[in-house]
Amino acid sequence: MMEFKHVPVLLSECIEGLNIRPDGVYADGTLGGGGHSSVIFSHLKGGKLIGIDRDAEAIAAASARIGNRENMVYVHDNYKNIKNILAENNVSGLDGALIDLGISSYQIDNPERGFSYTKDAPLDMRMNQKDSLSAYDVVNTYSKDKLAKIIYDYGEERYGRKIAELIEAERARKPISTTAELAEVIRRAVPAKSVPKGSHPAKRTFQAIRIEVNGELADLKNAVTDFFDCLNTNGRLCIITFHSLEDRIVKHVFGELCSGCTCPKEFPVCVCGKKPRGRLINRKPIVATDEEKEINSRSASAKLRVIEKID
């Protein structure tokens with residue numbers, strides 16, 4: 001197994017955003033290789049950190065990096081189950097939490113995982129390798145119309161229908177079983193002149209299929225709300241997104257939590273009685289510096305939003 005490498009994005013910004021208390025209780029919903037968690041943990045004295053990841057290899061890598069400590073808990077699960085996870089670990093509330101919605105460098109760079117359109121490998125893309133649905137299943141069993149919708153909605157790919165049509169034609173001859181085969185089908189469907197310089201014609205479609213395989217957007221709104229619910233008063237939630245679909249959901253949920261009154265504007269007085277439950281630490285999302293982008297090109301699309309619970 002190759003080394004689990006993942007450069008933590010917006011690291012110092014996340015640490016600042018969390019406003020860590022040494023004796024506080026924190027959760028990293030996307031542990032990865034432990035990049036963010038190792039620094040969060042180093043700020044704790046008497047506190048506790050719960051590291052969650054759906055990828056067993058990430059759990060193993062992070063535990064090797066941080067070590068088995070009494071106040072470091074590793075959980076192999078989906079972060080969307082945060083309420084159950086805290087209950088099972090007898091944790092009543094969090095003083096802070098982090099969710100990094102990006103795919104790890106390890107998952108992209110490891111050909112065996114089938115995430116990359118630049119490395120030939122079996123079509124997989126499962127973050128949790130015990131999940132039943134894989135990219136192979138999506139590509140070879142979904143209807144043409146369903147594929148087109150997924151590629152358009154999740155990849156924001158304008159040529160989604162053409163790609164789906166060519167996939168249907170290709171798999172009629174034989175199943176599409178590798179990343180290289182799928183990338184080649186996509187390349188034939190997407191006009192070269194429409195691909196931004198330095199990009200790849202398969203980028204958007206691979207993103208769409210990965211999101212579908214892992215259900216990345218299906219439960220995101222509820223998961224963000226659940227994490228916020230688990231915060232203690234003055235606790236903070238930091239979320240890093242990497243594409244507009246994720247960011248819109250997070251922005252919308254944060255906005256609802258901070259808005260309070262939902263009465264129509266024409267009402268002279270509030271009758272709903274709703275009060276803001278949180279406040280935004282930054283009005284606009286925090287993005288990587290030019291220096292970080294130069295060191296880690298994958299940080300270029302990252303956006304960090306931070307909310308604090310006030311009720």
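Take every Cα pair under 8 Å whose residues are at least 6 apart in sequence, average their separation, divide by the length of the chain, and the relative contact order is 18 percent. Given the C-alpha centroids of region 134-166 and region 18-72, what is the distance between them in whole angstrom? Cα centroid of region 134-166 versus Cα centroid of region 18-72: 37 Å apart. As a rough guide to protection, the peptides 7-14, 81-88 ranked by mean Cβ packing within 10 Å, highest first, stand as 7-14, 81-88. Bridging of Lys144 to aspartates and glutamates at a Cα separation below 18 Å is possible for Asp153, Glu156, Glu157, Glu165, Glu168, Glu170, Glu181, Glu184, Glu212, once same-chain residues fewer than 8 apart are set aside. Overall, the accessible surface of the chain at a probe of 1.4 angstrom is composed of carbon and sulfur to the extent of 49 percent.
Report, in degrees rounded to the nearest 10, the 0 to 90 angle that the Cα long axis of helix 203-214 makes with the longest principal axis of the chain. Around 60 degrees separate the two axes.
Over all other residues within a Cβ to Cβ distance under 15 Å of Met125, the charged ones net out to -3, with Lys and Arg as +1 and Asp and Glu as -1.
List, in the order given, every pair from Lys130/Lys293; Lys274/Lys309; Lys83/Lys203 whose Cα-Cα distance in the structure shown is over 25 Å. Long pairs (Cα-Cα over 25 Å): Lys130/Lys293; Lys83/Lys203.
Heavy atoms of the protein chains alone define the surface here; on that basis region 121-237 has 48 Å² accessible area per residue at 1.4 Å probe size.
Dividing the summed helix terms, -39500 (n - 2.57) for each DSSP H run of n ≥ 4, by the number of residues in the chain produces a 222 nm estimate of -12000 deg cm²/dmol to the nearest 500. Helix 244-259 axis versus longest C-alpha principal axis of the chain: approximately 20°, rounded to the nearest ten. Rounded to the nearest 10 degrees, the inclination of helix 144-155 to the longest alpha-carbon principal axis of the chain is 50 degrees.
The values are calculated or read from the model by the stated rules, or taken from the named source; none is laboratory data. Predicted, not measured: the structure shown is a model, and the values here were computed from it. Methodologically, a virtual Cβ is constructed for each residue, glycine included, from the backbone with ideal geometry; neighbour enumeration extends over all protein chains shown. Ligands, DNA and RNA are stripped out before the accessible areas are found, and what is left, the full protein with its side chains, is counted by its heavy atoms. Shrake-Rupley method; radii C 1.70, N 1.55, O 1.52, S 1.80 Å.
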